[in-house]
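The values are calculated or read from the model by the stated rules, or taken from the named source; none is laboratory data. Keep in mind it's a predicted model, so treat the numbers as computed, not measured. Cβ placement follows ideal geometry from the backbone for every residue including glycine, while neighbour counts extend to all protein chains displayed. Remember, those area values only see protein heavy atoms, side chains included, never the ligands or the DNA or RNA. Shrake-Rupley method; radii C 1.70, N 1.55, O 1.52, S 1.80 Å.
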Amino acid sequence: MTRKMKKTRNRIIGVLAAFIVLLIVDHIGLFEGLSWPVIFVIYLIPYIVIGYDVLRKAFINISHGQVFDENFLMMIATFGAFAIGEYSEALAVMLFYQIGELFQSYAVGKSRASITELMSIAPEYANVIQENGEAVETDPEEVTIGTMLLIKPGEKIPIDGIVVEGDSFIDTSAITGESVPRRVTEGGEVISGCVNKDSVLKIRTTKNYEDSTVSKILELVENASNKKSRMENFITRFARYYTPVVTIGAVLLAVIPPIMGLMPFADSVKRACIFLIVSCPCALVISVPLGFFGGIGASSKLGILVKGSNYLEAIAEASTLVLDKTGTITKGEFKVTEIIQANAEISKEEIICIAAGAEKFSNHPIARSVIEYHEELHKNNDALADDNNELTEIKEVPGHGITAKLSGEDIYVGNVKLLKANNIAFKESDKPGTIIYVAKGKVFIGTIIISDTIKEGAAKSISNVKKAGVSKVVMLTGDNDDAARVVADKVGIDEVYSQLLPADKVERVEKLLADNNSGKVAFVGDGINDAPVLMRADVGIAMGSMGSDAAIEAADIVLMDDDIGKISAVIKIARKTLAIVKENIVFALSVKILILFLGAVGIATMWMAVFGDVGVAVLAILNSMRAMKWSKEDMNG
Amino acid sequence: MKKSYKCEVDCANCAAKMEEAINKIDGVKSARVNFMTQKLTLEADDDIYDEILDAAVKACKKVEPDCEIEI
């Protein structure tokens, strides 16, 4: 509780006690015989004590031209009650309004605190190592790039950096949601927001605090509530009309029936007061954004950054999920999985040796995998001849492969096109994966098959996404059809589009967007080359790879630990959040409309009206709090 | 220049009204009053920034006299 709230609480306790005494005194008939001005003053004093701030604000706001705020409405309603001689009612209404307001701000404060608690990753200090070797506590914002920092066990890593000394396990769960600690050693990168678990680390910072992962995440999540969902915008607009409309209703209700002679003025004013009290849209205006904020907080706890309420709303409606293959479903690590000899005369070692020699200057992931495989082979077997440096005239034929010469003979290492272009007879392979054909002196000598490995749990993740309500899962890839099909079948993908260039992917997603008339299209990519597609889809989900800037920039939702299993979790959180928000809207509006109706026909009391205002708001806020609660079952089940 | 300030605002409706009022001030590029994070984010040109900040605080006080902004 803030000081302001405590003050209000004390005032409420005092006035509540006075109110009870007044009720008792009234009940035993001690007020009988007193003239009305005396009773009026007796009630007016506690009324002023409890309501002076409301009155003050109402007057100030009117002088500023801000009519129709809740202070003004409460003032008019209670003045109305005084005017018709319902003194105790006027005091009670103001008193309970204040109690409700206090509860409301307490509940909001609490939920705000617990959501920010979810994101308590900001470091308070950094231990900077001085020249004399001593560590001095410094404000992280003042640390420059290249500074040496000391991180003791149990401390948060304040700024991104590289380990210079030490060997420890770090807990990355605050950033990625991954509970298994990661081991870091000298030369390894560490990310701010992680907690050093067991031994002292010395790191050299590679970024300023404001560019570090932790402050980027904080900024993102804080700004997330600025991007408003349709539901929030609707409520804001609704609130703008709701209050004036109900207030006009109140005026009409106060004036027309007495003029028509249907009821005495006092009765109609009382009914109008009920209208005024219920006309405050607080319940909606607070609980709706709070629900979304809670959903975003719950996601960030799992290592899923949602950049705005609008994206949470969109992902809840996702009916089509489009995935990129490499780096998303597969690990993006290519490995030589098979070498097939064309004839027994030339050994597998020789085939790989020639291929590695031809590819030795290439940085392409496929080439790297051949070179690595070759190096591995040599490490394990010293007896192998190392003739791979004897290749000369290495030339790259774009889109085909590589040609070279080895002791006068032509060497061809590449795809089908390369061998066909050079009229070499060969046996085309139907194996899945990327295939490299090797020929020596116009004779085909063998095939190397390279495949990407599927991420663990990819199949389960996809089936969870379907269980969460996505009806169609599509895979896009630049790879050949066979390789794509094998992966798709293994993980349970519905549609596959292969051999796509980056521009084709955009076109594909656009087509899916056009075809999809119900629900939204979400795209998941690793964010490095998928930026255009991430932007184009209704919701772009990127693999954050622990702080990859490009991914965080382009996407709407970022999965910090590249785990596609989190997609079903965020869909579920989003659906739950939306359900809660809808519950609140329906609940608050129906209670208010019911009270308005009962008030109009004269059944509702002012007490009910106060409940319709602040009571409903408190209940809606408490309901919104559920959005931030998340359990393991929600993610897996 | 874009800067954030801590801003104590009691109700979400008022926050929306403040935001609207600040955005109407001449020279304000963008303004946000976030009820959830209790923050005011103001973007305006550097040379007139201080004047605009003053005007923004006044606009907020007009909407809610109790609102406190830490500068």
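Structure above, values below:
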quantity: Only Lys, Arg (+1) and Asp, Glu (-1) charged, at Cβ; the range A:83-154 dipole about Cα centre in debye; calculated: 320
quantity: A:Asn415 paired with A:Glu219, simple spin-label distance in nm, labels 7 Å along Cα-to-beta-carbon; calculated: 4.0
quantity: Too-long pairs where the Cα-Cα distance tops 27 Å, listed order kept, from A:Lys216/B:Lys61; A:Lys4/B:Lys61; A:Lys335/A:Lys572; A:Lys6/A:Lys301; A:Lys156/A:Lys572; calculated: A:Lys216/B:Lys61; A:Lys335/A:Lys572; A:Lys6/A:Lys301; A:Lys156/A:Lys572
quantity: Accessible surface of A:Thr2 - all protein chains present, 1.4 Å probe, nearest 10 Å²; calculated: 70
quantity: Integer Hz, Karplus 6.51/-1.76/1.60 couplings in order for the range A:49-58, x for Gly and Pro; calculated: 4, 7, x, 4, 5, 5, 5, 4, 4, 4
quantity: Radius, Kirkwood style, for chain B when every pair of distinct Cα atoms is counted (Å); calculated: 11.6
quantity: Cα-based convex hull volume of the range A:61-183 per residue, rounded to whole Å³; calculated: 208
quantity: For A:Asp479, distant residues with modelled amide H under 5 Å away; calculated: A:Gln499, A:Leu500
quantity: C-alpha center-to-center spacing [the range A:248-273, the range A:201-247] in angstrom; calculated: 44
quantity: Vicinal HN-Hα couplings computed from phi for the range A:592-604 (Karplus, 6.51 cos²θ - 1.76 cosθ + 1.60; Hz; Gly/Pro x); calculated: 5, 5, 4, 5, 4, 5, 4, x, 5, 8, x, 8, 6
quantity: Positive-end extreme of charge dipole, the protein assembly as shown - chosen from A:Ser498, A:Val601, A:Ala522 (charges on Cβ); calculated: A:Val601
quantity: Neighbourhood charge, 15 Å Cβ-Cβ cut-off, centred on A:Thr434 and excluding it, Lys, Arg +1 and Asp, Glu -1; calculated: -3
quantity: Size descriptor, Kirkwood hydrodynamic radius, that averages inverse alpha-carbon separations across the range A:1-124, Å; calculated: 16.5
quantity: Computed E for A:Glu495/A:Lys427 - FRET, C-beta separation, R0 25 angstrom, nearest 0.05; calculated: 0.20
quantity: Karplus 3J(HN,Hα) series, Hz, for the range A:191-206 with 6.51 cos²θ - 1.76 cosθ + 1.60 (x for Gly, Pro); calculated: 10, 5, x, 7, 10, 6, 8, 10, 9, 5, 10, 10, 10, 10, 6, 10
quantity: Per-bin percent of Cα-Cα distances, the range A:479-600 [10 Å]; calculated: 12, 30, 31, 11, 9, 5, 1, 0
quantity: Delta accessible area of at least 30 Å² on complex formation, residues of the range B:33-71, 1.4 Å probe, chain isolated as reference; calculated: B:Asn34, B:Phe35, B:Met36, B:Thr37, B:Lys39, B:Lys62, B:Val63, B:Pro65, B:Asp66
quantity: Largest to smallest accessible area among A:His374, A:His64, A:His27 [probe 1.4 Å]; calculated: A:His27, A:His64, A:His374
quantity: Per-residue average of Cβ from other chains inside 10 Å of B:13-19; calculated: 5
quantity: Occluded residues from the range A:68-90, i.e. those whose accessible area drops by 10 Å² or more once the chain is not alone (1.4 Å probe); calculated: A:Asp69, A:Glu70
quantity: In the B-A interface, the accessible area buried, summed over both sides, Å² (probe 1.4 Å); calculated: 2000
quantity: Zero-based 10 Å bins, Cα pair distances in the range A:446-503, whole percents; calculated: 21, 48, 26, 4, 1
quantity: 1.4 Å probe accessible area per residue over the range A:100-224, in Å²; calculated: 47
quantity: Quotient of Cα Rg and 2.2 N^0.38 Å for the protein assembly as shown, N being how many residues it contains; calculated: 1.28
quantity: Area of A:Met263 that stays accessible when all protein chains are in place (1.4 Å probe, Å², to 10); calculated: 40
quantity: For the protein assembly as shown, size of Cβ-based charge dipole, Lys and Arg +1, Asp and Glu -1, in debye; calculated: 2860
quantity: For the range A:548-627, alpha-carbon Rg and Dmax in angstrom; calculated: 20.0, 63
quantity: Net charge, A:Asp26 excluded, C-beta distance under 14 Å - Lys, Arg +1, Asp, Glu -1; calculated: -3
quantity: Solvent-accessible surface ranking, highest first, for A:Trp36, A:Trp607 at 1.4 angstrom; calculated: A:Trp36, A:Trp607
quantity: Heavy atoms of A:Phe611 accessible to a 1.4 Å probe, total area in Å² rounded to 10; calculated: 100
quantity: Gap separating the Cα centres of the range A:346-372 and the range A:29-103, nearest whole Å; calculated: 87
quantity: A:Lys520 long-range amide H proximity, modeled H, under 5 Å; calculated: A:Ala318, A:Ser319, A:Thr320
quantity: Added length on full extension, which subtracts the Cα-Cα distance from 0.36 nm per residue, A:Ala579 to A:Lys152; calculated: 149.3 nm
quantity: Computed helical MRE - 222 nm, chain A, DSSP H runs ≥ 4 contributing -39500 (n - 2.57), nearest 500; calculated: -16500 deg cm²/dmol
quantity: Net +/- balance of residues flanking A:Arg271 in space, Cβ distance below 14 Å, scoring K and R +1, D and E -1; calculated: -2
quantity: Chain A: relative contact order as a whole-number percent, Cα under 8 Å and 6+ apart; calculated: 15
quantity: Largest to smallest accessible area among A:Arg271, A:Arg240, A:Arg536 [probe 1.4 Å]; calculated: A:Arg240, A:Arg536, A:Arg271
